[in-house]
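This report concerns only the one structure given below.
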Amino acid sequence: MVRPVDGRIAARVTAGLAAGWITLAPPVGSLRAAEPVTTGSAATPIPEAAVRAQLDQVIPPPWRVESLTVEALPALPAAAGGKDATPPDARAAARVTARVVLGAPTYLVDSREGPVTFLRPAAEAGLAKSWTATALATRDAGGWAVSLTPQNAGVLEGVGKPAAELPGRTVVLGTAEAKSLREQLDRDAAQRLADETARRRQEDERLAQQTAAAKAEAARADSERRAIEARIAQIADLRGKLTGSDRPARIAAFEAALGGNEPALRQMAMETALQSRDAVLANLALKDWIARRRAVPVQLYATKEDPSSETVVRNLGPMTLEVEGFNPVNGALAGKLGAPGYSITRSSSIIGTLAQTELAVNAFGCALTLRLTEHQTLDGLLRCQTLPTLIARVTLD
């Protein structure tokens, strides 16, 4: 009596057949009649030395290979290529299992402080890992050529690097050196902060000074501008009064300008008065001009009517009118007049009078008569008894 097959056992048998770990033997009587069955050529082992040589290039430092297991796999199928195809005994595959050990302690970067790199430990020396790969190799006259395909390459990652491979001056956290260096860096940072604060304070102070100086300069420039505008207005007002139709106002403005402390206004008033057609105003200007002088140079020129006058001018030398006394009320003048060239023109006492815009001076044997011109000069003649008449000029500067 045959027992029914359990459903679960049948399922497992089916799975084993599919995976290849269960095979069905043919009937005993059929073995002799059947052709030989070839399941594949024998596996060719890869020399461990060839695998290790390639492994040393794949495993990164500071990892080192401590032990190695090479497990041969079924031989690879022949490659297409005709008569040049690699023979089966020159091809091999293997499963490689290497025990790798960390040869030096490794670290991770915790922080960077300028040239200093603070490290925290990641792994100790001697840490072991199992690294697996598939090796494919071909053999030729030069030996075996092995290529490795890692199966768990990430197992060697994430453990940091040796301190020598990390940048900067490396210091491990928790050591006395790290504590001392951290304190020094903190002091340096505090000093830099203090220096930066002081520098900014100095810059703020300098900026405040520059701002204050700029404001002061702007105020000064504004004050000068207002003063100039006021001076321009004052000059325009004075010129308007001096050239106006009201004589009393003209005279009052002129006297105010002469009595003030403004040289520019006095000069402008003098020029305006001397150029005006008002004889009274011009007379006041001439009186003020003479009263402020002690010596008045008199320029002499020859006349075309008398050729000998050129010789006389050259021989006379400079003539000077010395003012020793002047009465601005009646225009009376006292002093000396003379030139060194001739005895008759030697310096001698004079009596003179300024009437309106004409100045008349009498000396021993000579008479000087001058009249105001539109060019702000006193032009006239010098007459001496034994000399030719000469042209005379006094420049009102």
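Here, each number is a calculation from the coordinates, and none is a lab measurement. Just so it is clear, the structure is predicted and the values come from calculations on it, not from any experiment. Every residue, glycine as well, gets a Cβ built from its backbone with ideal geometry; the counts of neighbours run over all protein chains shown.
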- If each part is reduced to its alpha-carbon centroid, the range 344-397 and the range 164-193 end up apart, in Å, by 101
- Projected label distance in nm at Arg192 and Val109, using a 7 Å step from Cα toward the beta-carbon: 1.7
- Given a Förster radius of 30 Å and the C-beta distance between Ser308 and Phe364 as r, what FRET efficiency does 1/(1 + (r/R0)^6) yield to the nearest 0.05? 0.85
- Note on the structure: Once both label points are put 7 Å beyond Cα along the C-beta direction, the Ala49-Arg225 separation in nm becomes 10.0
- If each part is reduced to its alpha-carbon centroid, the range 196-229 and the range 253-294 end up apart, in Å, by 43
- Find the relative contact order for the range 234-289 and round it to a whole percent, using C-alpha pairs within less than 8 Å whose residues are 6+ positions apart. 28
- Task: Show which lysines lie in cross-link reach of Lys161 when reach means a straight Cα distance below 29 angstrom and same-chain residues fewer than eight apart are skipped.
- Result: Lys129, Lys179
- Query: So how long is each side of the range 293-395 along the principal axes, counting just the alpha-carbon atoms, biggest first, in Å?
  - Reply: 41, 30, 20
- Query: What does the helix-only formula give at 222 nm for the chain: each DSSP H stretch with n ≥ 4 adding -39500 (n - 2.57), the total divided by the residues, and the result rounded to the nearest 500 deg cm²/dmol?
  - Reply: -12000 deg cm²/dmol
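Using a simple charge model, +1 on the beta-carbon of Lys and Arg, -1 on the beta-carbon of Asp and Glu, nothing else, what dipole does the range 293-395 show about its Cα centre, in debye to the nearest 20?
Dipole magnitude for the range 293-395 comes out near 220 debye.
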- For an R0 of 30 angstrom, estimate the FRET efficiency from the Cβ-Cβ distance between Asp246 and Arg266 and round to the nearest 0.05. 0.90
- Message: Need one word for the range 234-289: rounded, prolate or oblate. Basis is the Cα gyration tensor (sqrt eigenvalues a ≥ b ≥ c); a/c below 1.5 gives rounded, then a/b vs b/c decides.
- Response: oblate
- Task: Excluding residues on the same chain fewer than 8 positions from Lys241, give the lysines whose Cα lies under 26 Å from its Cα.
- Result: Lys287
- Note: Ile232 to Asp56 extended length (0.36 nm per residue) minus current alpha-carbon separation gives 53.4 nm
- Taking 382-395, 56-69 and ranking on average Cβ neighbours within 10 Å, highest first, one gets 382-395, 56-69
- Angle between the chain longest axis and helix 48-58 axis [Cα atoms, degrees, rounded to 10]: 20
- Message: Within the range 350-377, name every residue whose backbone N is under 17 Å away from a label modeled 7 Å from Cα of Thr320 along the Cβ vector.
- Response: 350
- Item | Dipole magnitude of the chain, debye to nearest 20 (Cβ charges: Lys/Arg +1, Asp/Glu -1, about Cα centre) | 340
- Query: If you average the sequence gap of Cα pairs under 8 Å that are 6 or more apart and divide by the length of the chain, what percent do you get for the contact order?
  - Reply: 7
- Query: Please state the equivalent ellipsoid semi-axes for the chain: what are the square roots of 5 times the Cα gyration tensor eigenvalues, largest first, in whole Å?
  - Reply: 137, 29, 25
- What net charge is computed for the residues neighbouring Ala104, neighbours being all others with C-beta under 11 Å from the C-beta of Ala104, Lys and Arg scored +1, Asp and Glu -1? 0
- Message: Could you tell me what a quarter of the Cα convex hull surface of the range 242-326 works out to, in nm² with one decimal place?
- Response: 7.8
- Taking 0.36 nm per intervening residue step and subtracting the Cα-Cα distance, what contour gain separates Glu66 from Gln275 on full extension? 63.1 nm
